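See structure below.
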Amino acid sequence: MNYKNGELIRKTRQKRGMSQAKLGALIGSQSMVSRIENNQTDPSDQTVLMLCDALMITFEEYFYSIFDKKQSKLSALANQLEIIDHNNDGVMLDKLYVLTQSQSRSQPDSLLNRHLFLMTKATKYHLKKQLAPHAIQDELVDYFFDIENWQYYDILLFSRIVYMVPVNRLSPYIKDILNQYRQHELSTHSERTLKKVINNLLEASVVQNNYTFTQHLIARILKIRTTLFLG
């Protein structure tokens, strides 16, 4: 059991001026909040996501606080995949794919492990410049369809899957993300990752010969902030 869970949740709740009852109403159980804060139980991945949303902290910030890591598993994997991209290292990617697939299968209810596996799978399609089979495309589109408020972990995953799906199918989601950006509703981590989303989408649209999408995306970005094209 990680005893920092309770301290983080309690202090963040109090900082927000929120009672246990109010937080419990947001995640579905006051008794669960009490058990977590008193270190009687560790929250599941799904509960962590609900707590982060209710307390207005990112999944990334949660991992920084709980595990005292300079990088969370998500960021560490993203950095490793960037290196694989740069080196076109299919051998290392295959090893990472087997590892993340095994972790996801061993813990099918872990949203974090599912994210890690999808990010790795997306990189395989990126290196080969291939679209995913329709069934996988539909699974991803359905997943993102249910998102109302885009968080860091959602945008990080989105940045990796843009090569798997025709860019025109992703148009509604990038529109939602950019609207949140324009309304200053994204965290600092999310804003940095959004730059990568834009770069990847532009590249994917060119690979897919969808120049209409390329032009529309550039026009949309220029109306907001040209620095999104950087890095």
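Overview of values
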read-out: Hey, I155 touching a residue at least 24 places away in the same chain (Cβ under 8 Å), on the phi < 0 side of the Ramachandran plot and either assigned to a loop (DSSP other than H, G, I, E, B) or not hydrophobic (A, V, I, L, M, F, W, C) (or both) or not; value: no
read-out: Any chance A219 is among the hydrophobic types (A, V, I, L, M, F, W, C) and more than 26 Å from I83 (Cα to Cα); value: yes
read-out: When residues of region 157-194 are limited to those that are open to solvent by 70 Å² or more (accessible area, probe 1.4 Å) and at pLDDT below 90, the one nearest to L55 (Cα to Cα); value: E185
read-out: Flag if L201 is buried (at least 20 other Cβ atoms within 10 Å of the Cβ), modelled with pLDDT of 90 or more, out of contact with any Gly (no Cβ under 8 Å at 6 or more places or on another chain) and assigned to a helix (DSSP H, G or I); value: yes
read-out: Positions within region 73-84 being under 20 Å from K129 (Cβ atoms) and loosely packed, with under 14 Cβ neighbours inside 10 Å, in sequence order; value: E82, I83
read-out: Residues of region 11-24 satisfying the condition of being open to solvent by less than 80 Å² (accessible area, probe 1.4 Å) and either under 12 Å from M50 (Cα atoms) or within 25 Å of the chain's Cα centre (by Cα) (or both); value: T12, R13, L23, G24
read-out: Meets criteria (at pLDDT below 90, under 21 Å from I155 (Cβ atoms), open to solvent by 90 Å² or more (accessible area, probe 1.4 Å) and of a type outside the set (S, T, N, Q)) for M56; value: yes
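Table: residues versus (1) in a helix (DSSP H, G or I); (2) basic (K, R); (3) modelled with pLDDT of 90 or more; (4) more than 22 Å from H115 (Cβ to Cβ).
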position: N2; (1), (2), (3), (4): no, no, no, no
position: G6; (1), (2), (3), (4): yes, no, no, yes
position: Q14; (1), (2), (3), (4): yes, no, yes, yes
position: A21; (1), (2), (3), (4): yes, no, yes, yes
position: L26; (1), (2), (3), (4): yes, no, yes, yes
position: M32; (1), (2), (3), (4): yes, no, yes, yes
position: N39; (1), (2), (3), (4): no, no, no, yes
position: D42; (1), (2), (3), (4): no, no, no, no
position: Q46; (1), (2), (3), (4): yes, no, no, no
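Residues are listed down the side, and each one gets a yes or a no for (1) at negative phi; (2) small (G, A, S); (3) more than 18 Å from the chain's Cα centre (by Cα); (4) modelled with pLDDT of 85 or more:
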position	(1), (2), (3), (4)
R105	yes, no, yes, yes
L111	yes, no, no, no
L118	yes, no, no, yes
K121	yes, no, no, yes
Q130	yes, no, yes, no
L140	yes, no, no, no
F145	yes, no, no, yes
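The values are calculated or read from the model by the stated rules, or taken from the named source; none is laboratory data. Just so it is clear, the structure is predicted and the values come from calculations on it, not from any experiment. Backbone-built Cβ (ideal geometry, glycine too); neighbour counts: all protein chains shown. These area figures cover heavy atoms from the full protein model, side chains too; ligands, DNA and RNA do not enter into them. Shrake-Rupley method; radii C 1.70, N 1.55, O 1.52, S 1.80 Å.
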